[in-house]
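A short reminder: the numbers here are calculations on the coordinates, not readings from a lab. Since the model is a prediction, treat every value here as computed from it, not as a measurement. With ideal geometry, Cβ positions are generated from the backbone for all residues, glycine too; neighbour counts draw on all protein chains shown.
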Amino acid sequence: MSNGEGAHGAVEGAQDASGARVVKLIGEIDLSNAEALGDTLATMAGEGDHLVIDLSALEFMDSSGIAMLLRAAVRASSVEVRNPSAIVRRIIECTGLGDVLRIEP
């Protein structure tokens with residue numbers, strides 16, 4: 001998803017072997033596309049479900065992306081983040097968001 005001038009990103013949904021809903025963020029997330037991607041994420045995530053967010057295909061995310069993840073976390077019963085880059089992992093840890101955006105080892 002892109003507005004033509006900003007970041008290019010996408011959201012894909014799936015389920016893992018345990019049956020948990022997995023949402024994969026792809027590409028880039030910044031102020032130019034975070035709202036649209038967040039709307040898609042909210043639709044896929046559902047209300048009150050356990051949500052797994054796979055960041056293995058995410059190339060870039062600014063603070064707008066973190067805010068988008070937090071909005072999704074408010075709707076879910078719990079959130080698990082898989083495969084974050086070292087930078088995204090550090091941002092989650094340094095901001096104290098590890099309890100909300102729990103990183104899977």
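Structure notes:
- Top positive-direction residue, dipole computed over the stretch 9-103 with Cβ charges, set ALA67, ILE26, ILE87: ILE87
- Of all DSSP beta bridges confined to the chain, the antiparallel ones make up roughly 30%.
- Here the spin labels are modelled as points 7 Å beyond Cα on the Cα-Cβ line, and at ASP39 and CYS94 they lie 3.2 nm apart.
- Taking the stretch 9-103 and dividing mean pair separation by its residue count, relative contact order in percent (alpha carbons under 8 Å, at least six apart): 27
- Charged neighbours of GLU28, selected by a Cβ distance under 11 Å, balance to -3 (K, R count +1; D, E count -1).
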